[in-house]
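Here is the structure we will look at.
The numbers here are math on the coordinates, done by the rules we state, and not lab data. It should be emphasised that the depicted structure is a prediction, and the values quoted were computed from it without experimental measurement. FYI the Cβ positions are ideal-geometry reconstructions off the backbone, even for glycines, and counts take in every protein chain you see.
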Amino acid sequence: MDISRIADTIEIEQLLARYAVGMTKDDVEAVVAVFAPGGTYSAFGEEYGVQDFPELVAAAPKGVFSVSTPAIAFEGEDSATGEQPLCFVAQTDHSMRIGYYTDTYTRTPDGWRLRTRAMTFLRRSGARDSGRAHDPRRPAPRQRSAG
């Protein structure tokens, strides 16, 4: 690794740790804070903007978000991509969901932030998908302005 990227790598790793801790603690403000303005989260066949996060996180099952070290590739001074495996264990029955996030990161005046985060679930059948679009607890994303 290029030594000049060590601080950037650690900052992104800490950003993603704050996401996992925020989700585990049901702390919507902490989750929103790791995204850049205009950032998005994709799963369940939908793309959600940060304005959707309070309802989306409220509808999500509660439990522990256990993530591993992300694989990060820098694409210039202020842009990077990455992937990060996830194991979610539900608090109520200890059932698991496993998969990985595919991310893009951007450097903002406040430091590195997630620009996009997309979830891929790994199914027992061997399938890989973005989730069940018919989950009745999940809210529909709000319409975003094209500006």
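Observations
- Average Cα contact separation per residue, the chain, under 8 Å, 6 or more apart, as relative contact order %: 24
- Cα-based shape type of segment 20-59, given that a ≥ b ≥ c are square roots of the gyration tensor eigenvalues and the cut on a/c is 1.5: oblate
- R0 of 22 Å, Cβ-Cβ distance residue 118-residue 66: FRET efficiency to nearest 0.05: 0.75
- A Förster distance of 30 Å, applied to the separation of the beta-carbon atoms of residue 11 and residue 89, puts the FRET efficiency at 0.65.
- Seen against the Cα atoms of the chain and their longest principal axis, helix 6-24 is set at about 20 degrees.
- Farthest towards the positive end of the charge dipole of the chain, among the residues 91, 80, 67, is the Cα of 91, using unit charges on the Cβ of Lys, Arg, Asp and Glu.
- Order of 93, 129 under a 10 Å beta carbon neighbour criterion, fewest first: 93, 129
- Potential extension, residue 4-residue 73 segment - 0.36 nm per residue separation minus Cα distance: 23.5 nm
- Over the chain, DSSP H runs of length four or greater, each weighted -39,500 (n - 2.57), average out per residue to a 222 nm ellipticity of -6500 deg cm²/dmol.
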